[in-house]
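What follows is a short report on a single structure.
The values are calculated or read from the model by the stated rules, or taken from the named source; none is laboratory data. These figures come from a predicted structure and were not determined experimentally. Cβ coordinates were reconstructed from backbone atoms using ideal geometry, including for glycine residues, and neighbour counts include every protein chain displayed. Note: areas computed on protein heavy atoms with side chains; ligands, DNA, RNA excluded. Shrake-Rupley method; radii C 1.70, N 1.55, O 1.52, S 1.80 Å.
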Amino acid sequence: MIPGPRNLITDVPGILVGNAQDTVLKSGTTVLTSDRPFTASVHVMGGAPGTRETDLLAPDKSVAKIDALVLSGGSAFGLDACSGVMDALHSQGRGFPVGPARVPLVPGAILFDLLNGGDKAWEENPYRALGRAAFKAAAGAFDLGTFGAGTGALTAMLKGGLGSASLVLDSGVTVGALVAANPLGAVTTPGERHFWAAPFEIGDEFGGLGPDPAAGLGRSPESRKLAAMQTLGNAPLPEERANTTIAIVATDAALSKAQCQRLATAAHDGIGRAIVPAHAPGDGDLVFAASTGARALDHPDADLGPVCHAAALCLSRAIARAISHARPDPGDLLPCWAVP
């Protein structure tokens with residue numbers, strides 16, 4: 001397996017990604033779409049998710065394909081980004097046909113970035129406009145780090161961000177991951193030099209520093225993020241609903257909804273390998289899985305395993321790339337990672 005030419009989820013043929021953000025707001029939205037509807041499912045492992053239209057992605061539900069997926073900041077306000085994407089799709093005549101009407105299907109998930117130093121005193125919810133702008137920006141190339149849904153993201157110790165990575169399997173199947181990393185946990189070992197995901201790095205895609213040589217790691221609960229939020233909020237802040245890593249894994253392998261759900265479930269291993277701790281009660285960790293269906297598998301059941309493995313690897317790498325690409329902005333609560 002080797003990374004695709006961009007090392008982005010858009011190495012999967014047909015997949016497009018767009019970002020929109022507001023630096024004063026310190027928040028934004030990321031949209032994944034395609035030129036035609038695609039199969040998708042989802043798996044949630046965090047204890048505090050925020051979602052829209054995820055029930056229809058269950059294998060036993062009648063909806064076969066969707067038009068876009070949305071990752072957004074803004075907590076519950078950010079779910080309105082899906083409405084903006086629906087508006088844009090509707091203007092193009094896209095959506096599920098119901099007689100003469102067409103209904104765009106746009107599931108989404110959000111992360112909490114309301115206490116990150118940005119100006120949140122809006123009079124009108126800004127996320128509908130951000131969703132529409134992100135959809136219109138969808139392309140094969142897009143920025144990582146402090147962009148889109150990763151604009152205001154924070155990890156336990158460092159600024160978070162938007163990340164992506166890809167792999168092309170020996171079979172020719174392409175797999176990619178897209179993530180907005182805003183976890184309760186840390187993405188680096190103590191000292192913030194080495195990434196937990198370092199064993200899975202390819203080349204120097206997030207610094208090339210290798211794994212931490214120390215042992216006995218992972219026991220420190222330290223969180224600059226929680227302390228900074230408590231200071232900003234002028235009140236004790238519980239861990240609940242103040243975090244979340246939301247992601248999408250995609251492939252051109254032809255998968256059913258049930259297989260997409262298995263792909264999303266397996267991809268969560270990538271979060272567990274790159275963030276410590278992960279899937280906490282105060283996280284809303286969620287992974288969507290999408291299949292364009294362009295490449296048939298010779299052995300659909302047996303060949304699914306390598307696709308799932310590749311998705312988890314891509315997601316770990318994407319998380320580390322998100323943080324390594326983050327850049328400082330005025331008013332930031334936390335520092336950015338930088339190559340020492």
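Being on the phi > 0 side of the Ramachandran plot and surrounded by 18 or more Cβ atoms within 10 Å (Cβ to Cβ) is the filter; apply it to the range 204-252 and report the residue that is modelled with the lowest pLDDT. Reasoning before the result, please.
Narrowing the range 204-252 to residues on the phi > 0 side of the Ramachandran plot: 207-208, 210, 216, 218, 234, 241, 244.
Checking which are surrounded by 18 or more Cβ atoms within 10 Å (Cβ to Cβ) leaves us with 207, 241, 244.
Working: 207: 93, 241: 56, 244: 88.
Within the range 204-252, the match that is modelled with the lowest pLDDT is 241.
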- Message: Among the residues in the range 310-323, are any in contact with a helix residue (DSSP H, G or I) (Cβ under 6 Å, 6 or more places away or on another chain), in a helix (DSSP H, G or I), farther than 14 Å from residue 171 by Cα and open to solvent by 10 Å² or more (accessible area, probe 1.4 Å)?
- Response: yes
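Checking the condition surrounded by fewer than 17 Cβ atoms within 10 Å (Cβ to Cβ) and at pLDDT 90 or above, which residue from 301, 329 passes? Let's see the steps before the verdict.
Values: 301 fails: at pLDDT 90 or above.
When all the criteria are applied, what remains is 329.
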- Count of the range 259-284 residues which are of a type outside the set (S, T, N, Q) and under 24 Å from residue 67 (Cβ atoms): 6
- For residues in the range 1-43 being of a type in the set (A, V, I, L, M), surrounded by 20 or more Cβ atoms within 10 Å (Cβ to Cβ) and over 22 Å from residue 133 (Cβ atoms), which is nearest to the chain's Cα centre (by Cα)? 42
- Just checking, which of 42, 98 is touching a residue at least 12 places away in the same chain (Cβ under 8 Å) and either touching a helix residue (DSSP H, G or I) at 6+ places or on another chain (Cβ under 9 Å) or not hydroxyl-bearing (Ser, Thr, Tyr) (or both)? 42
- Restricted to the range 265-282 and to residues being in contact with a helix residue (DSSP H, G or I) (Cβ under 8 Å, 6 or more places away or on another chain) and either in a strand (DSSP E or B) or open to solvent by less than 10 Å² (accessible area, probe 1.4 Å) (or both), the residue farthest from residue 189 (Cα to Cα) is 267
- Message: Whether any residue in the range 82-93 is outside any strand (DSSP E or B), out of contact with any His (no Cβ under 8 Å at 6 or more places or on another chain), open to solvent by less than 10 Å² (accessible area, probe 1.4 Å) and farther than 24 Å from residue 163 by Cα is what I want to check.
- Response: yes
- Message: If I filter the range 285-298 down to residues being under 30 Å from residue 27 (Cα atoms) and either in contact with a His (Cβ under 6 Å, 6 or more places away or on another chain) or open to solvent by 10 Å² or more (accessible area, probe 1.4 Å) (or both), which single residue comes out as modelled with the lowest pLDDT?
- Response: 285
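With the structure loaded, tell me whether residue 302 is among the small types (Gly, Ala, Ser) and under 21 Å from the mean Cα position of the chain (by Cα) or whether it fails that test. Don't jump to the end; show me each part of the working.
On the way: among the small types (Gly, Ala, Ser): yes; under 21 Å from the mean Cα position of the chain (by Cα): no.
No: the conditions fail for residue 302.
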